[in-house]
Amino acid sequence: MRREFSAGGVVVRRLKGRWMMAAIRPAGKEPGVWALPKGLVGPGEKGESTAQREVAEETGVEASPVEKLGDIRYVYTWAGERVFKVVSFFLFRYSAGRLGDIPAEHAHEVAEARWLPLDDAPRLLAYKGEREMAAKALDRLGSAG
């Protein structure tokens, strides 16, 4: 079975006293399908740097790494081949940039980017593993303030 490794980020910032996270609607997905920025780990790249790169490419913002949140593992089928996939997620704090200012070469990947309330992530994110990562981020921030 082929293996694939990706990494992504839960980017958070406080707006009006509330934790918000950067979410994207991937190109081709219906309105309301929210996901976390993520992508394939490049040759010689570490998961954390992949996640930081993907955050910038898919949301337009710069963010500083805080810690690893965990891994999601699953199997999917692509062109008749089963693929074992591991996606590592990291917690990031927003540092600069404007959400949605996506670099032109990556604009085709993302239909929309938006700040969503982190505590609503379990209801808003489309994928179970990503909802779990956002819940972990909320838990970590709850103790960090």
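The values are calculated or read from the model by the stated rules, or taken from the named source; none is laboratory data. Because the structure is a prediction, the values reported are computed rather than measured. Backbone-built Cβ (ideal geometry, glycine too); neighbour counts: all protein chains shown. Note: accessible area is taken over every heavy atom of the protein model, side chains too, but ligands, DNA and RNA are not part of it. Shrake-Rupley method; radii C 1.70, N 1.55, O 1.52, S 1.80 Å.
Database remark: amide H of V110 closer than 5 angstrom to the amide H of A27 (H placed geometrically; neighbours at sequence offset of 5 or more, or on other chains; Pro and chain starts carry no H).
In this view, the solvent-accessible surface of K68, computed with a 1.4 Å probe and all protein chains in place, comes to about 100 Å². Here Cα extents along the principal axes in Å was computed from the coordinates, and among (1) 48, 34, 31; (2) 45, 30, 29; (3) 43, 41, 26 the match is (1).
The phi-based Karplus calculation (6.51 cos²θ - 1.76 cosθ + 1.60; θ = phi - 60°) puts the 3J(HN,Hα) values of the stretch 63-72 at 8, 9, x, 10, 6, 7, 8, x, 10, 10 Hz, whole numbers, x for Gly and Pro. In whole percent, how big is the carbon plus sulfur part of the accessible area of the chain, probe 1.4 Å, protein atoms only? Solvent-exposed carbon and sulfur of the chain make up 51 percent of the total. Taken about its Cα centre, the chain carries a charge dipole of roughly 420 debye when the Cβ of each Lys and Arg holds +1 and the Cβ of each Asp and Glu holds -1. Note on exposure: D139, D120, D101 ranked by accessible area (1.4 Å probe, complete protein assembly) read D139, D101, D120, with the most exposed listed first. A simple rule links phi to the HN-Hα coupling: the Karplus curve 6.51 cos²θ - 1.76 cosθ + 1.60 with θ = phi - 60°, which for the stretch 20-29 gives 10, 10, 7, 10, 10, 10, x, 3, x, 8 Hz, with x for Gly and Pro.
Comparing Cα centroids, the stretch 59-95 and the stretch 4-52 end up 7 angstrom apart.
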